[in-house]
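The values are calculated or read from the model by the stated rules, or taken from the named source; none is laboratory data. Small disclaimer: the values here were computed from a predicted structure and weren't measured. Note that each Cβ is placed from the backbone with ideal geometry, even for glycine, and that neighbours are counted across all protein chains shown. The area values use the complete protein model at the heavy-atom level, side chains included, leaving out ligands, DNA and RNA. Shrake-Rupley method; radii C 1.70, N 1.55, O 1.52, S 1.80 Å.
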Amino acid sequence: EVLNLCNRFILPYGKALVNAGAFSIMVLEPQVVIFSPSIYKTMIQTYLEGLIRDFANPVLHVCGNTTKLLPHFAQMNHLSGLSLDALVDFKTSLDNHEQLRDKVLIGNIDPVNVMFRGSPEIVQDKVTELLNMMIGQNFILSTGCDMVPDTPAGNLDSLINAALKYR
């Protein structure tokens, strides 16, 4: 009932964004990690698929270690991209779930241990490591989740500069 109610509000808003020219719509789902794969498959996935079906290039952002849900995310036909937390190993995920290669993976630099607590050198090393790992994949570099307030500006500069240097 809750998901049905949410979709009644979110769907018209998403469609309005598409009609206004939005290139892509990102759906943020911070709670799905707490559910088992069987509950996700039987009780949640249908609502997410119904929601994103009419969105332009829909992307799903999920928090936490959602490795156990990746087979289900990979099977979502209308999903263009997945924004995944730093707790998900992209290489292992791509190796184990061939269908993920059809989607854009977004992420997954650790926003706390790397961006907030790390040094510019650590950020540069992690960004370069991730970019090297993702060569040839559909990939957009980003943090794995929201950055912590007061993340050092030098670390953000390091992320951007490492990406630009790599390019």
Of the accessible area of the chain, with the probe set at 1.4 angstrom, what percent is carbon plus sulfur? 56
Total lysine pairs whose alpha carbons fall under 22 Å of each other in the chain (8 or more apart, or interchain): 8
Using just the helices of the chain, give the 222 nm mean residue ellipticity in deg cm²/dmol: DSSP H runs with n ≥ 4 each add -39,500 (n - 2.57), and the total is spread over all residues, rounded to 500. -12000 deg cm²/dmol
Grab the Cα-Cα distance for Val2 and Ser24, subtract it from 0.36 nm times how many residues apart they are, and report the gain in nm with one decimal. 5.4 nm
Charge dipole (debye, nearest 20) of the stretch 85-167; +1 at Cβ of Lys and Arg, -1 at Cβ of Asp and Glu: 240
Would the stretch 1-94 count as rounded, prolate or oblate if I go by the C-alpha gyration tensor, calling it rounded below 1.5 in a/c and otherwise prolate when a/b exceeds b/c, oblate otherwise? oblate
For the chain, the per residue accessible area (1.4 Å probe, Å²) is 56
Only one of the values (1) 35, 20, 15; (2) 29, 18, 16; (3) 52, 18, 11 was calculated from this structure for semi-axes √(5λ) of the Cα gyration tensor in Å; name its label. (2)
With +1 assigned to the C-beta of every Lys and Arg and -1 to the C-beta of every Asp and Glu, and no other charges, what is the dipole magnitude of the chain about the Cα centre in debye, to the nearest 20? 360
